[in-house]
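Asker: I have a structure I would like to understand better, so I am pasting it below and will then ask my questions one at a time.
The values are calculated or read from the model by the stated rules, or taken from the named source; none is laboratory data. A quick note: this is a predicted structure, and the numbers were derived from the prediction, not measured. Because the Cβ atoms are built from the backbone with ideal geometry, glycine has one as well, and the counts that use them run over all protein chains shown. Note: areas computed on protein heavy atoms with side chains; ligands, DNA, RNA excluded. Shrake-Rupley method; radii C 1.70, N 1.55, O 1.52, S 1.80 Å.
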Amino acid sequence: MTGQMFLGVDGGGTGCRARIEDATGRVLGQGLSGPATLRLGPERALASVHAAAEAAMAEAGLSSDDWQHLTAGIALAGIGRKGARAALADMPGRFASAVYASDAEAACLGAHSGQDGAIVIAGTGSIGIGYVDGRELRVGGYGFPVSDEGSGAALGLHALQMALRAQDGRVEQTSLLAEVMQRFRDDPFEVVSWMDQATASDYATIAPVVLRHADQGDSAARKIVQRGAEQIDALVRTLASMGAARITLLGGLSSALEPWLAPDVRRRLKPADGDAVSGAILLAKRAAG
């Protein structure tokens, strides 16, 4: 196969997706691989990128000689960490050229087909990001536990805090709080031991339990979810106040949290045009002129 081709990659904490398109936008191949967050280090992140790209190349019927025809847009979680971009730039590449961006930036570009707009991501973490008249907008997303309000990690943390208070008798016991403590054999010091090693992803595993109990009417769960939804409301409203006319809610918790959002916030939301891979391909095409 000859001619210019564009590779879009969305590398996150749970997996990496790649897609190859030709200059007309026709999809040639797609591929998957393992986590590609830069929290794992640039070497491991790029290894996952290359593995996903190789899978997409295989599906497209491309050979190792075709790396030189690929212009890549590579979106990676954690690229905002100090020194991350410089480390990536110093590593040898296999593509004709490559441009790097955050996964949130690519998701925003994909959601609005490269036009002005903003997104709020509600997943393990949370962030608001957008682009208006050449300005980059950012709200939150500084990392758990100091930020990422309304995220799965935050829901899990608040559930644990309330469960410990209920264990002490400081607040009323509910079915949610009892189930959370059962994870730790009803021993607060098991929670303390777990906490010493727990990551944001570990806290986020509690979020589905919270949402399930909230749907069933559990008072503590409803309070936690409502508190989280109010934080997402604030992200959306702040982006709107900065000039974002189009805002899309994305992330693993987006569909579960949307019914809890305020009516004015829900009216501001629009569906995504495309995904983060679409945004990464847009970046590649822009870099190619």
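Asker: Hey, what's the per residue convex hull volume over the C-alpha atoms of segment 181-289, in cubic angstrom? All intermediate terms of the calculation are to be shown ahead of the outcome.
Answerer: Details: hull volume 17.1 nm³, N = 109.
Convex hull of Cα atoms, per residue: 157 Å³.
Asker: Could you work out how far helix 219-241 tilts from the main Cα principal axis of the chain, as a 0 to 90 degree angle to the nearest 10?
Answerer: Computed tilt is about 40 degrees.
Asker: For helix 152-168, what angle does its Cα long axis make with the longest principal axis of the chain, in degrees from 0 to 90 and rounded to 10?
Answerer: It is inclined by approximately 20 degrees.
Asker: Next up: Which lysines does residue 82 reach when only Cα atoms under 29 Å apart count, and residues fewer than 8 places away in its own chain are ignored?
Answerer: Cross-link targets: 285.
Asker: To continue, here is another question. How would you order 221-228, 127-134 from highest to lowest mean count of nearby Cβ atoms within 10 Å?
Answerer: Details: 221-228: 21.0, 127-134: 18.8.
Per-residue Cβ counts within 10 Å, averaged per peptide and sorted highest first, yield 221-228, 127-134.
Asker: Ranked from the most accessible area to the least, with a 1.4 Å probe and all protein chains present, what is the order of 212, 44, 85?
Answerer: Accessible-area ranking of 212, 44, 85, largest first: 44, 85, 212.
Asker: Taking 8 Å as the Cα distance limit and 6 or more residues as the minimum spacing, I'd like the relative contact order of segment 138-289 as a percentage.
Answerer: 24 percent
Asker: Right, something else. Within 10 Å, count the other beta carbons around each residue, average over each peptide in 160-168, 190-198, 68-76, and list them highest first.
Answerer: 68-76, 160-168, 190-198
Asker: Roughly how big is segment 104-197's charge dipole about its Cα centre, with Cβ charges of +1 (Lys, Arg) and -1 (Asp, Glu), in debye to the nearest 20? The partial results should precede the final answer.
Answerer: Details: 6 positive and 13 negative charges, 11 e Å.
So the magnitude is around 60 debye.
Asker: Nearest 10 degrees is fine. How inclined is helix 276-287 to the longest principal axis of the chain, computing both from alpha carbons?
Answerer: 40 degrees
Asker: Could you state, as a whole-number percent, how many of the C-alpha pairs of segment 89-148 are farther apart than 14 Å?
Answerer: Percent of Cα pairs beyond 14 Å in segment 89-148: 61.
Asker: Report, to two decimal places, the Cα Rg of segment 1-129 normalised by 2.2 N^0.38 Å (N = number of residues).
Answerer: The value comes to 1.02.
Asker: Would you report the distance distribution of C-alpha pairs in the chain as whole percents per 5 angstrom bin, up to the bin with the largest distance?
Answerer: 1, 6, 12, 15, 15, 14, 12, 10, 7, 5, 2, 1, 0, 0, 0
Asker: Of all beta bridges DSSP finds with both residues in the chain, what is the antiparallel percent, to the nearest 5? Could the numbers behind the result be given before it?
Answerer: Details: 24 of 42 bridges.
Percentage antiparallel, nearest 5: 55.
Asker: Tell me the relative contact order for the chain as a rounded percent, counting alpha carbon contacts under 8 Å between residues six or more apart.
Answerer: In percent, rounded to a whole number, it is 22.
Asker: In debye, nearest 20: dipole of segment 1-66 around its Cα centre with unit charges on the Cβ of K, R (+) and D, E (-)?
Answerer: Working: 5 positive and 8 negative charges, 61 e Å.
Value, rounded to 20: 300 debye.
Asker: Hey, another quick one. Rank-order 21-31, 116-126 by packing density, defined as the average count of other C-beta atoms within 10 Å over each peptide's residues, highest first.
Answerer: Highest mean packing first, the order is 116-126, 21-31.
Asker: OK, next. By the scheme Lys and Arg +1, Asp and Glu -1, what is the net charge of all other residues having a beta-carbon under 12 Å from that of residue 60?
Answerer: Net charge around residue 60: -3.
Asker: Right, something else. Students often forget the sequence filter, so: which lysines lie under 27 Å Cα-Cα from residue 223 once same-chain residues fewer than 8 apart are removed?
Answerer: Hits, sequence-local ones excluded: 270.
Asker: Using a 1.4 Å probe over the heavy atoms of the protein chains, calculate the carbon and sulfur portion of the accessible area of the chain as a whole percent.
Answerer: On the way: 6540 of 13470 Å².
Exposed carbon and sulfur together represent 49 percent of the surface.
Asker: Among 118, 226, 79, which residue has its Cα furthest toward the positive end of the charge dipole of the chain, with +1 on Lys/Arg Cβ and -1 on Asp/Glu Cβ?
Answerer: 118
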